[in-house]
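Below: the structure, in structure tokens.
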Amino acid sequence: MKLAVKTIEGASAGEIDLAEAVFGVPVRADILHRCVVWQLSRRQQGTHKTKGRSEIKATAKKMYAQKGTGQARHGNKAAPQFRGGGKAFGPVVRSHASNLPKKVRQLALRSALSSKAAEGKLVVVDSVAIAEPKTAKLTAQLGKLGISNALVVGGAELDINFARAAANIMHLDVLPQQGINVYDILRRDTLVLTRDAVKHLEERLQ
């Protein structure tokens with residue numbers, strides 16, 4: 001699969017041959033869904049907590065006699081039906097993380113890359129280095145490429161000027177090549193890869 005390579009200014013920089021095994025596999029919506037759920041569940045802190053009945057500081061003495069009062073039968077004042085009582089079946093501190101096999105995660109990443117390539121929303125640029133960290137200038141350059149909502153994946157290390165200029169642009173995410181993931185690919189309209197990122201992905205996923 002051949003794709004034209006652009007510079008960050010929008011000029012032509014030749015062509016690149018993309019590996020079919022990485023950018024041309026069938027798109028599996030079920031695998032993409034599993035991977036996104038796995039990613040988002042690992043992000044949850046799981047620190048939500050309410051006090052149960054045994055954690056409430058209240059007397060355990062029976063409130064009043066069982067019979068003869070004309071009222072409902074009650075005991076401990078920490079019971080959930082009373083104001084200030086413990087929460088019944090409330091949330092507890094726990095991990096929301098689930099397991100997903102490495103091969104499934106790799107398949108999901110290949111499927112996400114292939115979906116962008118199939119939709120014509122994959123852009124390959126020579127590099128993402130700029131001379132000065134000017135947001136207005138970078139916005140104009142991205143406009144020439146027709147990019148307004150995108151994930152930009154650079155090399156092993158991001159150009160500091162590009163990262164600073166992109167930080168103020170809405171709907172633009174920037175990641176190093178080792179940080180690419182399914183959720184960030186799918187949440188943006190366009191995927192922008194550098195030559196180095198393409199090489200890294202092909203070595204990693206083939």
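Numbers for the structure displayed
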item: Breaking point among (1) assigned by TED's automatic domain parsing to the domain that holds L145; (2) of a type outside the set (A, V, I, L, M); (3) over 30 Å from S148 (Cα atoms), for Q66; result: (1)
item: From the options D189, D173, residue that is surrounded by fewer than 19 Cβ atoms within 10 Å (Cβ to Cβ) and either at positive phi or in contact (Cβ under 8 Å) with a residue 40 or more places away in the chain (or both); result: D189
item: Checking R34 against (1) touching a residue at least 12 places away in the same chain (Cβ under 8 Å); (2) out of contact with any helix residue (DSSP H, G or I) (no Cβ under 9 Å at 6 or more places or on another chain), the condition it does not meet; result: (2)
item: Pair list, Cβ under 8 Å, 6 or more apart: region 122-146 residue under 24 Å from V22 (Cβ atoms), other residue among the hydrophobic types (A, V, I, L, M, F, W, C) and exposed (fewer than 14 other Cβ atoms within 10 Å of the Cβ); result: V124/A4
item: Flag for A78 being among the small types (G, A, S), over 26 Å from Q45 (Cβ atoms) and surrounded by 10 or more Cβ atoms within 10 Å (Cβ to Cβ); result: yes
item: Qualifying residue in region 86-107 (condition: assigned to a loop (DSSP other than H, G, I, E, B), more than 30 Å from L40 (Cβ to Cβ) and within 39 Å of the chain's Cα centre (by Cα)); result: yes
item: Extreme residue, nearest to S111 (Cα to Cα), among residues of region 1-47 that are of a type in the set (S, T, N, Q) and loosely packed, with under 13 Cβ neighbours inside 10 Å; result: Q44
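The values are calculated or read from the model by the stated rules, or taken from the named source; none is laboratory data. Everything numeric here is computed off the predicted structure, so don't read it as measured data. All Cβ positions, glycine included, derive from the backbone under ideal geometry; neighbour counts span all protein chains shown.
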